[in-house]
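Structure record follows, encoded as structure tokens.
The values are calculated or read from the model by the stated rules, or taken from the named source; none is laboratory data. A quick note: this is a predicted structure, and the numbers were derived from the prediction, not measured. Here Cβ is always computed from backbone atoms with ideal geometry, including for glycine, and neighbour counts include all displayed protein chains.
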Amino acid sequence: MSEELPTQETASGAQIRCEWCGEPVSQLGTRTPRRYCKRSHRQRAFEARRLRDLRELAGEK
């Protein structure tokens, strides 16, 4: 038995990959496309964006 998660291809035939780690993202049972393979990767991406925004604000002052 394969340990990989089942994935779904987009209309163009490409698999959606996690924006944090690049692994294929399972799209089964979702209405909107998932962007991350794990909740923790979604959180890490949010934290990275927030840190980037804070650094940009600090640089503008």
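Values computed for the structure shown
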{"read-out": "In region 2-59, residue modelled with the highest pLDDT [restricted to those that are on the phi > 0 side of the Ramachandran plot and more than 13 Å from the chain's Cα centre (by Cα)]", "value": "Gly29"}
{"read-out": "Residue in region 37-60 that is of a type in the set (Gly, Ala, Ser), part of a loop (DSSP other than H, G, I, E, B) and either surrounded by 10 or more Cβ atoms within 10 Å (Cβ to Cβ) or touching a Leu at 6+ places or on another chain (Cβ under 9 Å) (or both) present", "value": "no"}
